[in-house]
Amino acid sequence: MLGRARITRLLIVVALTLWLGSTGVSSAIAASETPSGDIVQLTKVSAARPTNASAEGPVSFEAIVDYRLQTAPRAFFLLFVFEDSSNTSTTDSSDGTWVSSGSSQIHLTATYRPSPGVHTLTLAAGLFRDQNTLLAWAVTQPFSLSPAPGGALFAKVLAARQDGDYAKAVNDLTAAIEGAPDVGILYCWRADSRLHLGQYDEAIADYTHALSLVPDDRSCRVGRGIAYLWKGEPAGAISDLTKVIDQSDKPDRWTVWALRARGVANTDLGQFSNAIVDYRAYLSLVPKVADRTEIERWINDLQSAEGTTPSKGPSSPG
């Protein structure tokens, strides 16, 4: 029909690039703009499950997407639901919805039935000219449906984060934790929101508790490494980030985030050669990443540094 397998593989690649090119590990929703001017922006995402449905029942997603299409007379949208694990991603998606060139808004829907053992999901909207050409895309941050019936937690917290109200997100997650104290992803989300508020000690405590519940969760460990980095404790950051890098035979987005962040931490510690190795490894894994020019400048500064601290950019993974 639309070459769904080919489209899925293509979107996985570009979604990874987009995650890595966003303005930090905490971005809730990102948008892409191609050099030619095609734009996709997720402006609202909601999730609902029928009131009589079980925890394994289907979930209906709705996304409101603003877009600008300039490079083709028409193109089609797909809304993807990614099942994220430590190793790979599988997807389910909506049927293609065609749009004409210009700027407008569209509502996309997809129905998803949770798979056993899946802890987090990610929504991605892709605008395709054909099954081989992705024009623009947007993705959400990974989220969990399991702690709240009908995805109410996701919708509520995501809305607060989109509005920049991270204090409300923390309060909502705290309430959710009271009802589900053994769900590690809730602590990761609260920690991530606390990072935006500059509450580094509290974020580290949340990440640490999350890792006691889900010790193999790479996203939480990357998050704690970033929290240490932003707090000004690069040695602690390197410990967590190195574990993320070393624990996977096949590099994934967590590996890439960790390499970039560890480069910053090594620079903070004056370990310039190690930082250069990390930055080069980062660029080799995502050669078309949005901040490539900036990272290359950091590498040049590090190579020319003699007894002075070079420019290394903000202490952030994105």
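Residue-by-condition table, conditions (1) outside the structural domain of A275 (by TED's automatic domain parsing); (2) within 18 Å of the chain's Cα centre (by Cα); (3) crowded, with 21+ Cβ neighbours inside 10 Å; (4) over 30 Å from D163 (Cα atoms):
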| residue | (1), (2), (3), (4) |
| --- | --- |
| L195 | no, yes, yes, no |
| A203 | no, yes, yes, no |
| D206 | no, no, yes, no |
| R218 | no, yes, yes, no |
| A227 | no, yes, yes, no |
| G232 | no, no, no, no |
| D252 | no, yes, no, no |
Practice item. Quick one: count up the residues across the range 164-179 that are exposed (fewer than 15 other Cβ atoms within 10 Å of the Cβ) and over 16 Å from Q199 (Cβ atoms). Key: 3
Revision key, fill the gap. Considering only helices (runs of 4 or more DSSP H) wholly within the range 149-251, the ones with at least 1 residues that are modelled with pLDDT of 85 or more are 166-179, 184-196, 200-213, 218-231, 234-246
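The values are calculated or read from the model by the stated rules, or taken from the named source; none is laboratory data. Note that the structure is a prediction, hence the values are computed from the model and not measured. Note that we place each Cβ from the backbone using ideal geometry, even for glycine, and neighbour counts take in every protein chain shown.
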